[in-house]
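Asker: Take a look at the following structure, please.
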Amino acid sequence: MSWLTAEQALDLLGTKSQTLYANVSRGRIRAKADPADTRRSLYFAEDVKRLATRHSGRRKTEAVAAEAIQWGDPVLPSALSTVSNGRLFYRGKDAAMLAENAALEDVALLLWDMKRPLRFEQSEAQQGLPSLNAAFSALAERITNDLPSLGRSLPALQNEAESVFATVAEALAPGAWDLSLHQRLAAAWKRPDAGDLIRRSLVLLADHELNASTFTARITASAGATLSAATLSGLSALTGPLHGGAWQSVRSLIARAATIGVDEAVRSYLAEGRPLPAFGHQLYPDVDIRGEALLGCFTLPPLFARVRDVGEQLVGERVNVDFALTAMTHAYHLPEDAPLIIFALARTVGWLAHAMEQATSGRLIRPRARYIGPPVQ
């Protein structure tokens, strides 16, 4: 049998002496008195090596988990959407191909795995403009009245998802109940000529793996909260400038380009050490397929075209869907917040799909924090 001194054991374990003694007291490491000095102890080498290997594995797991949270490896199973080989897929179907003809309602049926058409309750046509504030208020009003999602069957959740979606649609796409959502949006904005591009945008933005807002919605659903609460949490996360609010950064870039010139505007961003808004995407090494699918359907306004060309040349990255949405808004004279309205309406379908998938799994999402604060006393 091989025995180690305390110094040798601590070197292998990478821990403090108190931890070594605790492992001995708990029977994890066998110890005996040192024949050469009975005031000292020796520790069984195999026990020490076994614990050292386990601790090493734990450190590796922690490192992998930390990296996975930031554009890393998948962190939970989902059958809803994935990005593979530069393409986006909804339940195995190519999203860009779906966008050629499908409507958002069709994608809802696909992602929710429903076998019947959507049935929005007939109601009087809502007047007014699409309003994000109205969506927040309507969802908040539902939360205390809706039932928790945990322990309910998928058909029951699908019925409720349909109702929650209708609530959001009344706020973000007010209009006649018998019109498609893209038609309602185009009519509300008095731009019927933009209807087909709005339809394409809605389909392309319905879901996108575990983005920040979707992960937030899944966490909410994992606690058993209502589907309306999960949707509200997703909507809240979407408004951030690094997510659905990215269109504002694109507008700022275009405004700067209009003031000081395209070359100078792009170079000034880079000289200041700021990333150029809406160029490149972590999941698409070549080009964001969603942006490409949209940009192929309308003529870029001249200033947007010049910014794209100069930016792609200097940065080496292609423009993404945020750039395309903002350019489309400008080209069709839509309201400034149209990109966020379209994004929110589309992604509601994805949030509800993920909330139902999470709720039916019965699993709580509860990661551990890697503590880096002051030493514990």
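Asker: Tell me, what is the FRET efficiency for residue 49 and residue 360 to the nearest 0.05, using R0 = 51 angstrom and their Cβ-Cβ distance as r?
Answerer: Details: r = 43 Å, r/R0 = 0.85.
Using R0 = 51 Å, I get an efficiency of 0.70.
Asker: On the protein heavy atoms, probe 1.4 angstrom, tell me the percent of accessible surface of region 3-52 carried by carbon and sulfur.
Answerer: Carbon-and-sulfur percentage of accessible area, whole number: 48.
Asker: Show me the trypsin sites (Lys or Arg not before Pro) within region 208-301 that DSSP assigns to loop and that have at most 13 other Cβ atoms within 10 Å of their Cβ.
Answerer: On the way: sites: 218, 251, 256, 267, 290; in loops: none.
Listed in order of number, the matching sites amount to none.
Asker: A follow-up question, please. Count neighbours as other Cβ atoms within 10 Å of each site's Cβ, and list the GluC sites (Glu not before Pro) in region 287-377 that are DSSP loop with at most 13 such neighbours.
Answerer: In loop regions of region 287-377 (DSSP not H, G, I, E or B), the sparsely surrounded GluC sites (Glu not before Pro) are 336.
Asker: Relative contact order (percent) for region 3-52, with alpha-carbon contacts under 8 angstrom and 6 or more residues of separation?
Answerer: On the way: 55 pairs, mean separation 23.0, N = 50.
Dividing the mean separation by the residue count of region 3-52 yields 46 percent.
Asker: Looking only at 361, 81, 201, which one moves most when the chain is put into a Gaussian network model with springs between Cα atoms under 10 Å?
Answerer: 361
Asker: To continue, here is another question. Please give me the summed charge of the neighbours of residue 340: other residues whose Cβ is under 12 Å from its Cβ, Lys and Arg +1, Asp and Glu -1.
Answerer: Details: positive: 251, 347; negative: 322, 336, 337.
Result for the local shell: -1.
Asker: Treating only the Cβ of Lys, Arg, Asp and Glu as charged (+1, +1, -1, -1), what charge dipole size does the chain show about its Cα centre? Round to the nearest 20 debye. Intermediate results must be reported in sequence, preceding the final value.
Answerer: Values: 40 positive and 39 negative charges, 353 e Å.
Computed charge dipole of the chain: roughly 1700 debye.
Asker: Find, among the chymotrypsin sites (Phe, Trp or Tyr not before Pro) in region 149-246, those assigned to loop by DSSP (not H, G, I, E, B) with at most 16 other beta-carbon atoms within 10 angstrom.
Answerer: Numbers: sites: 165, 177, 189, 215; in loops: 177, 189.
Filter output for region 149-246: 177.
Asker: Keeping every protein chain in place, order 143, 260, 254 by accessible area at 1.4 Å, biggest value first, i.e. largest first.
Answerer: Numbers: 143 50, 260 80, 254 15 Å².
Final ranking, largest accessible area leading: 260, 143, 254.
Asker: Run the dipole for region 3-52 about the Cα centre, Lys and Arg Cβ at +1, Asp and Glu Cβ at -1, nothing else charged, and hand back the magnitude in debye, nearest 20. Mind showing how you got there, number by number?
Answerer: Values: 9 positive and 6 negative charges, 46 e Å.
Dipole size: approximately 220 debye.
Asker: Given region 280-349 reduced to its alpha-carbon atoms as identical point scatterers, what log10 I(q)/I(0) does the Debye formula return at q = 0.12, 0.15, 0.16, 0.28 Å⁻¹?
Answerer: So the normalised log intensities work out to -0.32, -0.50, -0.57, -1.33.
Asker: So, one more: So, for region 3-52, what is the accessible surface per residue at a probe of 1.4 Å, expressed in square angstrom? Please report the intermediate quantities before stating the final value.
Answerer: Details: 3150 Å² over 50 residues.
I get 63 Å² per residue for this part.
Asker: What residue among 10, 250, 376 has its Cα farthest toward the positive end of the dipole of the chain, where the charges are +1 on Lys, Arg and -1 on Asp, Glu, each on the Cβ?
Answerer: 10
Asker: Next up: Translational diffusion coefficient of region 224-377 at 37 °C, 0.692 mPa s, Stokes-Einstein with Kirkwood Rh over Cα pairs, in µm²/s as a whole number. Walk me through the numbers before you get to the answer.
Answerer: Working: Rh = 17.7 Å.
Using the Kirkwood radius from Cα pairs, D works out to 185 µm²/s.
Asker: Picking from 330, 354, 295, whose Cα lies most toward the positive end of the charge dipole for the chain (charges on Cβ: Lys, Arg +1; Asp, Glu -1)?
Answerer: Projecting each Cα onto the dipole axis, the largest value belongs to 354.
Asker: Still on this structure, I have one more. With a probe of 1.4 Å, find how much accessible area region 93-252 has per residue, and write the answer as a whole number in Å². Could the numbers behind the result be given before it?
Answerer: Working: 6910 Å² over 160 residues.
I get 43 Å² per residue for this part.
Asker: Another question, if that's okay. Excluding same-chain pairs closer than 8 in sequence, count the lysine pairs in the chain whose Cα atoms lie under 27 Å apart.
Answerer: Details: 16/32; 16/49; 16/60; 32/49; 49/60; 93/115.
The result is 6.
Asker: Calculate what fraction, in whole %, of the accessible area of region 90-241 sits on carbon and sulfur atoms when a 1.4 Å probe is rolled over the protein chains. Don't jump to the answer; show the numbers that get you there.
Answerer: Details: 3500 of 6520 Å².
Carbon and sulfur atoms account for 54 percent of the accessible area of region 90-241.
The values are calculated or read from the model by the stated rules, or taken from the named source; none is laboratory data. Keep in mind that this is a model prediction, so the values were computed, not measured. No Cβ is skipped: glycine too gets one built from the backbone with ideal geometry, and neighbour counts run over all protein chains shown. Ligands, DNA and RNA are stripped out before the accessible areas are found, and what is left, the full protein with its side chains, is counted by its heavy atoms. Shrake-Rupley method; radii C 1.70, N 1.55, O 1.52, S 1.80 Å.
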